[in-house]
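**Student:** Below are the structure tokens for one structure; questions will follow.
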Amino acid sequence: MGLIIKSNIKKVVKELDKENSVSSVAEEVGRALERKTEEVLRDAIKRAKENGRRTLQARDI
């Protein structure tokens, strides 16, 4: 789907890893993030529909 920008993963990991203990990010991390993001969005869409809304909102996540 291309929702996750793989070139940004390492940058974000570096920002979040305050101890600088992770030096690299495996390729499968991008694929796993894609799957997880799609799952979160599917669940959010379901909640919006259940609440009779056509607008996806942060509270659905």
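Just so you know, all these numbers are worked out from the coordinates, no wet-lab data involved. Keep in mind it's a predicted model, so treat the numbers as computed, not measured. As a convention, Cβ positions derive from the backbone with ideal geometry for all residues, glycine included, and neighbour counts pool all protein chains shown.
**Student:** Label point 7 Å out from ASN51 along Cα-to-Cβ: which residues of region 1-39 have amide N under 12 Å?
**Tutor:** Nothing falls inside the zone, counting backbone N under 12 Å.
**Student:** Oh, and also: Would you be so kind as to identify which of LEU33, GLY2, ALA58 lies farthest towards the positive end of the dipole of the chain, taking Lys and Arg as +1 and Asp and Glu as -1 on Cβ and the Cα centre as origin?
**Tutor:** Farthest along the dipole direction, towards plus: ALA58.
**Student:** Nearest 500 deg cm²/dmol is fine: what mean residue ellipticity at 222 nm does the chain get from its DSSP H runs of n ≥ 4 alone, each adding -39,500 (n - 2.57), divided by its residue count? The partial results should precede the final answer.
**Tutor:** Values: 2 runs with 35 residues, N = 61.
The helix-only estimate for the chain comes to -19500 deg cm²/dmol at 222 nm.
**Student:** Another question about this same structure. If packing is taken as the mean number of other Cβ atoms within 10 Å per residue, what is the order of 31-38, 53-60, highest first?
**Tutor:** In descending order of packing, they fall as 31-38, 53-60.
**Student:** Another question about this same structure. If I take all pairs of Cα atoms in the chain, what percentage of them are more than 17 Å from each other?
**Tutor:** Cα-Cα pairs of the chain separated by over 17 Å account for 53 percent.
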